[in-house]
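A short worksheet on the structure shown next.
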Amino acid sequence: MKNPKIKQKNQTLYSIKRIGIIGGGQLAKMSILAAKNMGFFVTVLDSTPECPAAQIADQQIIGSLYDPEKIRALAKVSDVLTYDIEHIDTQTLNSLHDDGCTIYPQPAVLEIIQDKFKQKQRLADKGIPVPHFEAVEKPASLALMGFPIVQKARHGGYDGKGVMVLKNQADLAFALKTPSMIEELIDFTKELAIIIARKQDGEIACYPVVEMVFDDQTNICDIVAAPAQIDKATAEQARQVAIDAVEALGGVGIFGVEMFLTRTGEILVNEIAPRPHNSGHYTIEACMTSQYEQLIRIISGLPLGDTQLLKPAVMLNLLGEAGYTGEPVIEGLAEALSIPGLSFHFYDKAITKPARKMGHITILDNHLDKAMAKLQKVKTILKIKGKEKI
Ligand SMILES: Nc1ncnc2c1ncn2[C@@H]1O[C@H](COP(=O)(O)OP(=O)(O)OP(=O)(O)O)[C@@H](O)[C@H]1O
Ligand SMILES: [Mg+2]
């Protein structure tokens, strides 16, 4: 354990003072920045000593996110636990919860979300519109819905890994071998997302509906535009569906709700993340309260912050350039930073890899189309390369 001295904070200020975060990636890092601004003491659990969050956390417990002993050690030095990734040991979290440990979002909610099939089933049971789906009980079930279909690993997927489009019978040769589910392939016009903040007493705050644009090659969300360019009625519909979805789970915390807008104007929920979400990075600069500060407020029992959008914004994920690995080398930063309204975030990962999320930029402008034009320019000048060619 690094820096094991625990400072005592003024107890009259907050009902809790020590936050424990399971997972030390960029989402934890940005949450900790918000927590440190507000005077909390933060411990992070991650197996990598130089993970993004380790650099700003008060202390780190080095260990696996599935190690019951390390999770218990984190709980011992924290008044509340949260996490920045859904692939963690819920069994230990459940038993800690039963012993009176405060954990948000609740382990029971995480358990449902962790399994994409259980998640869809809960949403469907509660009347939330979702794509038609089926569990894959045996290989023959893959052909249940005809083609084309989308096959998804029930557990462990992220950034499009664990998602396979099967266009015809012949594609079955490429089917995932892990426990999975299938869905109809949705012919969407846009992928939308919304960050929903929900408190212990059920009070909700919603961020604006945003549009996520995916990179064709990496299948990773490339650009987020806030607000989404959709009519008011559609935005209201998306907002309501997202609220209903979080309420269907009874979740407390920050939730990123991913949705499809279909050609016929329907809103369907794709999936829910029980944590700050990539589509909400823009809230740091563009909203009155960021999704990260909002998380800290919720888990510590403080009032919800204002979610108002201050200016239109676009966010670009900075992915590790193809063909490079090793220590990251940032190219074109000075030129990018000379663009008005641009903020640069670097996660300080020790090693870059092709398509690894290394940082992001957010551009604010009075006009969304101007912000987008600036972003397209940045795409050509700002690159994250590595010291080694591959
Ligand atoms: N039923 C579907 N119809 C059409 N496209 C889909 C469908 N399901 C998923 N996709 C596409 O695949 C992408 C990744 O799917 P999904 O969000 O389920 O996986 P993920 O690995 O958890 O993704 P991420 O971590 O990027 O959120 C979606 O954003 C969408 O572009
Ligand atoms: Mg997704």
If the requirement is being away from ligand 2 (no atom under 16 Å from the Cβ), out of contact with any helix residue (DSSP H, G or I) (no Cβ under 9 Å at 6 or more places or on another chain) and not in a strand (DSSP E or B), which of these qualifies: T178, T218? T178
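I'm trying to understand the selection: among the residues of the range 181-196, which are within 12 Å of ligand 1 (Cβ to nearest atom) and either farther than 30 Å from E236 by Cα or outside any loop (DSSP other than H, G, I, E, B) (or both)?
If the condition is that a residue be within 12 Å of ligand 1 (Cβ to nearest atom) and either farther than 30 Å from E236 by Cα or outside any loop (DSSP other than H, G, I, E, B) (or both), then M181, I182, E183, E184, F188, T189, K190, E191, L192, A193 are the ones that fit.
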Pairs where the first residue, in the range 266-281, is without any contact (Cβ under 8 Å) to a residue 12 or more places away in the chain and the second is polar (S, T, N, Q) and buried (at least 24 other Cβ atoms within 10 Å of the Cβ), C-beta under 7 Å, 6+ apart: none
L123 passes all but one of (1) under 19 Å from A245 (Cβ atoms); (2) within 11 Å of ligand 1 (Cβ to nearest atom); (3) crowded, with 17+ Cβ neighbours inside 10 Å; which number fails? (2)
Given the condition of a type outside the set (S, T, Y), over 27 Å from G24 (Cα atoms) and either surrounded by 21 or more Cβ atoms within 10 Å (Cβ to Cβ) or at pLDDT 95 or above (or both), answer yes or no: does some residue in the range 341-362 qualify? yes
In the range 288-353, which strands (runs of 3 or more DSSP E) lie fully inside it and hold 3 or more residues that are free of Cβ contacts under 8 Å to residues at least 60 places away in the same chain? 324-331, 342-346
Residues in the range 214-225 that are more than 7 Å from ligand 1 (Cβ to nearest atom) and over 15 Å from the mean Cα position of the chain (by Cα): how many? 5
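Conditions tested, residue by residue: (1) within 11 Å of ligand 1 (Cβ to nearest atom); (2) modelled with pLDDT of 95 or more; (3) in a loop (DSSP other than H, G, I, E, B).
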{"site": "N94", "(1), (2), (3)": "no, yes, no"}
{"site": "G100", "(1), (2), (3)": "no, yes, yes"}
{"site": "A108", "(1), (2), (3)": "no, yes, no"}
{"site": "I112", "(1), (2), (3)": "no, yes, no"}
{"site": "Q119", "(1), (2), (3)": "yes, yes, no"}
{"site": "P131", "(1), (2), (3)": "yes, yes, yes"}
{"site": "G146", "(1), (2), (3)": "no, no, yes"}
{"site": "G156", "(1), (2), (3)": "yes, no, yes"}
{"site": "A173", "(1), (2), (3)": "no, no, no"}
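The values are calculated or read from the model by the stated rules, or taken from the named source; none is laboratory data. Keep in mind the model is a prediction, meaning the values are calculated, not measured. FYI the Cβ positions are ideal-geometry reconstructions off the backbone, even for glycines, and counts take in every protein chain you see.
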